[in-house]
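Novice: Have a look at this one before I ask anything.
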Amino acid sequence: MIVDGFIFGTASDAELAREEASRIEYLDANMNYANISKVMQLYDKALDTKMFRTPVGWKYMGKLKDILLENGYVAEELRPIPLYSVFARIEEDHSVLERIRPAKKKVDPYKRKYAIAVMVIGILLVTVIAMFVIAMKSETPNMINYRNAIINEYADWEQDIKDREDVVRQKERELSIPSPLPHEEQKALEEEMEKNSGEDATDE
């Protein structure tokens, strides 16, 4: 909490400094600093009433003192500016707070490395799964889907051959050309003929 260039440790101190800053602003607007007797009266009154108790007010008191010194007063004639704080005790209190403050927990480096390793493995696993999915869905043959690609290509060839045979036979029927038997039927007929020839030879 900063007020007039000073950082305050508590909200109450900062609020007190703001009040003093507002009081100083009012004095600057209404005070005739050329009237040295008035400045001296203000200086003594501020000390008597403890008008300023923060560094913001102390700075203003220093301004009044400088005006008085520049206009014939000597330092021995002016009352010192009291500081209503005990800085040494504040420093000791801070050291005590540091001693009783719980120590920060140390982060286990192995636990951190383990967490990083798990994260890297997870990323690699997701990447490998994604590659398999892409490879399976790809139309281009690869190491993963080559068997399916070959089977599909063979099935396409077989269907194409059957379609061509159907067209040829259709033309043969149109032209009254005797159609040769399919390969399977031709082979079966030859085997039957060989079997019959063997039986005839046995009968003789």
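Derivation of every value follows stated rules applied to the coordinates shown; laboratory data play no part. Fair warning: this is a prediction, and the values are worked out from it, not measured in the lab. Cβ: placed from backbone, ideal geometry, glycine included. Neighbour counts: every protein chain shown.
Novice: What is the Cα convex hull volume of the range 2-100 when expressed per residue in Å³? Before the final figure, lay out each step's value.
Specialist: Details: hull volume 11.5 nm³, N = 99.
Spelled out: Cα convex hull of the range 2-100, divided by residues, is 116 Å³.
Novice: A further question follows. Sort the following peptides by mean Cβ neighbour count (other Cβ atoms within 10 Å, averaged over residues), highest first: 18-24, 64-70, 8-14. Before the final figure, lay out the partial values.
Specialist: On the way: 18-24: 16.9, 64-70: 15.0, 8-14: 12.9.
Packing order, densest peptide first, comes out as 18-24, 64-70, 8-14.
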